[in-house]
Amino acid sequence: MELESINFSNTGESLQDLLNRIQEKKAILLAHRAVDMRKSINGLAGFLQGEYGIDPFNGDTFLFCNKQKDKVKVLQWDSEGFILTYKRMERGRFQWPNLEEEGMVTEIRRNDLKRLFQGLPMEQFMPKKNYAII
């Protein structure tokens with residue numbers, strides 16, 4: 001049996017594959033609490049069910065980050081099983097928002113997922129500047 005070769009060295013290609021797997025009408029949900037990155041599919045699915053009361057089989061995409069904010073796991077359910085994507089920053093950290101006190105998960109846009117994986121701040125969490133005309 002021959003295994004298909006997958007190139008994970010090019011961030012753009014693997015990110016595009018991830019975005020292609022996300023169904024247009026499904027949510028991308030960012031978990032607020034840091035997660036132990038030793039958890040795999042069963043641990044993350046159990047975390048969603050036990051801690052948050054969320055069904056991991058509903059087709060949404062779930063993002064988890066560690067305390068150091070240098071590792072992210074993405075859990076997705078397709079019709080045949082789970083897909084787990086893992087990314088580790090070699091230098092720097094992900095621009096993960098501090099949301100622990102505001103609930104359990106926050107929905108983010110596809111564009112913000114791209115920005116997160118590129119190490120950039122997500123637009124929906126950037127402070128808005130209010131200007132007054134004097």
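Taken together, the values in this text are just the output of simple stated rules run on the coordinates, not laboratory data. Values in this document were obtained by computation on a predicted structure and should not be read as measured data. Because the Cβ atoms are built from the backbone with ideal geometry, glycine has one as well, and the counts that use them run over all protein chains shown.
Before moving on, here are some points about what is shown:
- Three semi-axes of the equivalent ellipsoid, segment 46-98, Cα gyration tensor, whole Å, largest first: 23, 14, 8
- Low-density loop cleavage sites - chymotrypsin sites (Phe, Trp or Tyr not before Pro) in segment 56-98, where at most 16 other Cβ are within 10 Å (DSSP): 57
- Extension gain for the segment residue 27 to residue 83, taken as residue separation times 0.36 nm less the Cα-Cα distance, is 18.6 nm to one decimal.
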